[in-house]
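The values are calculated or read from the model by the stated rules, or taken from the named source; none is laboratory data. Computed from a predicted structure; not experimentally measured. Counting neighbours? That spans all protein chains shown, and the Cβs are built from the backbone with ideal geometry, glycine included.
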Amino acid sequence: MTEETADLEPLSDADALDFGRYRNIVILTGAGVSVASGIPPFRGPGGLWNDPKVERFAHRDSLDEDPEGAWRFFALLRSTARKAQPNAAHQALARLEKSLRPDQSFLLISQNVDGLHQRAGSRRMVELHGSVLRTRCTGAECDLEPFDDTETYADTKPICPKCGSLLRPDLVFFGEMCNHEAEWQTKQALRRVDLFVAVGTSGTVYPANGYARSARYAGAETIYINVELMEGGDDSFDRTILGKAEEVLPRIVAETGMRL
Ligand code: OAD
């Protein structure tokens, strides 16, 4: 064991998480949770944003500058998400939610836009960064509601049927605000949380990278699960478990006897 990993908690029966001990559980997930489903992460090995030609599509401006190119990229994300299947990590979190007592509150906050948590059966969740599977209008005044969309619009410039503005995926670009309702639910949950677990996130993107600190402030036990240590560290976490989400989460949920 190196000095760097000396503080890491081994995952053993003795250290397993007893979810029954907590009243208000908040789980934060990031792209690492969907890697085993074949969806590339944004950063690190194989990360989408490693290529500047791709990274520009994280910015809202790219839609105006190159709508066809932007939609080619979103089409790829959309079809990849649609073809993917939830993996053992998604399933473990859905199982955990179903196994809780009525007096326990639970919120799964996901930064992922692939819809895989819902497909695995998670219900009490917020999509902090929206969904690549939905489309909405760019028109500020337009009343077109975001809708589930199977079209991919690759290489096209799709137009709103109501107002003629460009259509966009219903996800949050860099620099945009998160969905108001999602943030409100998140804030409520973080006020009373007593167990906070972040899984498969690099911890680089605001506002989710501040949630461990809020949880700590609320008095929660805070745990970080990832295949690598967070760059720069985050002293808001009490424990770090190094491992793949799809291996660690099913073990934690099973070991606590919460498997349904
Ligand atoms: P990142 O791609 O930044 O980080 C993914 C993390 O998952 C990295 O720390 C990897 O080491 C880790 N990882 C990879 N495989 C894993 C596995 N099998 N199990 C556990 N961990 C694994 O993704 P996020 O933190 O989610 O925004 O990024 C946050 C936001 O930045 C995204 O939601 C996205 C992006 O711009 C939008 O799409 C709006």
(request) Spot the failing condition for GLY44; the list is (1) in a helix (DSSP H, G or I); (2) crowded, with 16+ Cβ neighbours inside 10 Å, and only one is missed. (result) (1)
(request) Find all pairs meeting these conditions: Cβ atoms under 7 angstrom apart; at least six residues apart or on different chains; first residue within the stretch 218-246 and of a type in the set (Lys, Arg); second residue in a loop (DSSP other than H, G, I, E, B). (result) ARG239/GLU9; LYS244/VAL227
(request) Among the numbered conditions (1) at pLDDT 95 or above; (2) assigned to a helix (DSSP H, G or I); (3) within 14 Å of the ligand (Cβ to nearest atom), tell me where VAL197 comes up short. (result) (2)
(message) So, restricting to helices (runs of 4 or more DSSP H) that lie completely within the stretch 53-119, which ones have at least 2 residues that are surrounded by 18 or more Cβ atoms within 10 Å (Cβ to Cβ) and at pLDDT 95 or above?
(response) 67-83, 88-99
(request) Working only within the stretch 175-199, note down all residues that are surrounded by 14 or more Cβ atoms within 10 Å (Cβ to Cβ) and aromatic (Phe, Trp, Tyr). (result) PHE196
(message) Quick test for you: out of ALA31, ALA84, pick the one residue that is among the hydrophobic types (A, V, I, L, M, F, W, C) and near the ligand (Cβ under 9 Å from one of its atoms).
(response) ALA31
(message) Can you say whether GLY210 is without any contact (Cβ under 8 Å) to a residue 40 or more places away in the chain, surrounded by fewer than 16 Cβ atoms within 10 Å (Cβ to Cβ) and outside any helix (DSSP H, G or I), as far as the supplied structure shows?
(response) no
(message) When you check VAL132 against the structure, is it hydrophobic (A, V, I, L, M, F, W, C), closer than 30 Å to VAL35 by Cα, in a loop (DSSP other than H, G, I, E, B) and touching a strand residue (DSSP E or B) at 6+ places or on another chain (Cβ under 8 Å), yes or no?
(response) no
(request) Determine, yes or no, whether MET125 is touching a Leu at 6+ places or on another chain (Cβ under 8 Å) and without any contact (Cβ under 8 Å) to a residue 60 or more places away in the chain. (result) yes
(request) Only one of these is crowded, with 17+ Cβ neighbours inside 10 Å and away from the ligand (no atom under 16 Å from the Cβ): ASP155, ASP149, ASP143. Name it. (result) ASP149
